Amino acid sequence: MASFKDSLPPDLFDQTTLVSLAATVAILATAYVLSLSALDRNTSGSHRVLFIWHAFDALIHFILEGSFLYHCFFSWIPLSSVSNPHALAPTAHNFLGYTNRAYGPQAGGDNPFAQLWMVYAKADRRWGGADLAVISLELLTVFMAGPLACYICYSIAKKDPRSNILMIVVATMELYGGFITFCPEWLTMNYNLDASNFMYKWVYLVFFNMLWVFIPLYAIWVSVKDINDAFAVRSRVTTASKKK
């Protein structure tokens, strides 16, 4: 037990970390409450879970990842004001046409969303600055995957079978995005990652990111099963009509 305690970061229970984790739980609770008001009692368990997931997914994209993009584009500090620029999270060279600025949550000061991202940046420092690969993915995530997730929730509530196609599309986007996010780190021996303690490695890097692997895979499985069932019904109807 002592070794486990030693593996935890010393700032684990500071106010910013606790508020950040609580914000994620609050977003999940909001998604659950939305499901109670939007879905009828006859909604299947799998589609109820996927409604909650896509509502949670959309809120995360809009609120948290949207705030990350805001700080990437609008929060900056001059490099001349920093005593050791090399200690900053990376900002891409010539980002937005500037070479003398550091962008990202690290320049957000006391803004609560900037502080939230700086908590996660302890495990992956790219999220403290303005990494081009991360920003490019987040632009697609916030402005495409987020609205699509909202439409999926609407479609599930309306029992529209086309939601299955959209769930496959969004799930594929999430899986592809996860790979593109971490593949550069695998190729550079996790240069920007800090897996030195339990919290950073298993909670921030593994748990939170693997949610966007296993649940999208589950969404694909449910959707493909429903589509296969629809084809099976059509095949039986076609066969029966030919016998008449």
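Could you run through the stretch 110-121 and say how many residues are in contact (Cβ under 8 Å) with a residue 40 or more places away in the chain and touching a Phe, Trp or Tyr at 6+ places or on another chain (Cβ under 6 Å)? Step through it out loud before you land on a result.
Of the residues in the stretch 110-121, the ones in contact (Cβ under 8 Å) with a residue 40 or more places away in the chain are 111-120.
If we keep only those that are touching a Phe, Trp or Tyr at 6+ places or on another chain (Cβ under 6 Å) as well, we get 117, 120.
The total comes to 2.
Tally the residues that are crowded, with 18+ Cβ neighbours inside 10 Å, within 19 Å of G108 (Cα to Cα) and in contact with a Phe, Trp or Tyr (Cβ under 8 Å, 6 or more places away or on another chain), restricting the search to the stretch 123-154.
The total comes to 8.
Do any helices (runs of 4 or more DSSP H) lying entirely in the stretch 132-244 carry at least 2 residues that are under 19 Å from the mean Cα position of the chain (by Cα) and over 30 Å from Y98 (Cα atoms), and which ones are they?
Details: elements: 132-140, 146-157, 163-187, 208-243.
Qualifying helices (runs of 4 or more DSSP H): 146-157, 163-187, 208-243.
Per-residue answers, yes or no, for (1) among the basic types (K, R); (2) in contact (Cβ under 8 Å) with a residue 40 or more places away in the chain; (3) surrounded by 12 or more Cβ atoms within 10 Å (Cβ to Cβ):
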position	(1), (2), (3)
N164	no, yes, yes
L175	no, yes, yes
M189	no, no, no
M199	no, yes, yes
V213	no, no, yes
P216	no, yes, yes
I227	no, yes, yes
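Test of understanding: among A31, A87, A58, A26, which residue is surrounded by fewer than 17 Cβ atoms within 10 Å (Cβ to Cβ) and within 21 Å of the chain's Cα centre (by Cα)?
After ruling out the rest, the residue left standing is A26.
Restricting to the stretch 1-58, and then to whatever is of a type in the set (A, V, I, L, M, F, W, C), under 28 Å from F113 (Cβ atoms) and not in a helix (DSSP H, G or I), can you tell me which residue is modelled with the lowest pLDDT?
Per the stated criteria, the residue is L8.
Would you pick out the residues in the stretch 61-84 that are open to solvent by 50 Å² or more (accessible area, probe 1.4 Å) and hydrophobic (A, V, I, L, M, F, W, C)?
Selection gives F62, I63, F73, F74, W76, L79.
Exactly one of these conditions fails for V119: (1) assigned to a loop (DSSP other than H, G, I, E, B); (2) out of contact with any Asp or Glu (no Cβ under 7 Å at 6 or more places or on another chain); (3) not small (G, A, S). Give me its number.
Unmet condition: (1).
Looking at S46 and the list (1) open to solvent by 20 Å² or more (accessible area, probe 1.4 Å); (2) under 30 Å from Y98 (Cα atoms), which single condition is not satisfied?
For S46, the failing item is (2).
The values are calculated or read from the model by the stated rules, or taken from the named source; none is laboratory data. These figures come from a predicted structure and were not determined experimentally. Cβ coordinates were reconstructed from backbone atoms using ideal geometry, including for glycine residues, and neighbour counts include every protein chain displayed. Surface accessibility is based on the protein's heavy atoms, side chains included, excluding ligands, DNA and RNA. Shrake-Rupley method; radii C 1.70, N 1.55, O 1.52, S 1.80 Å.
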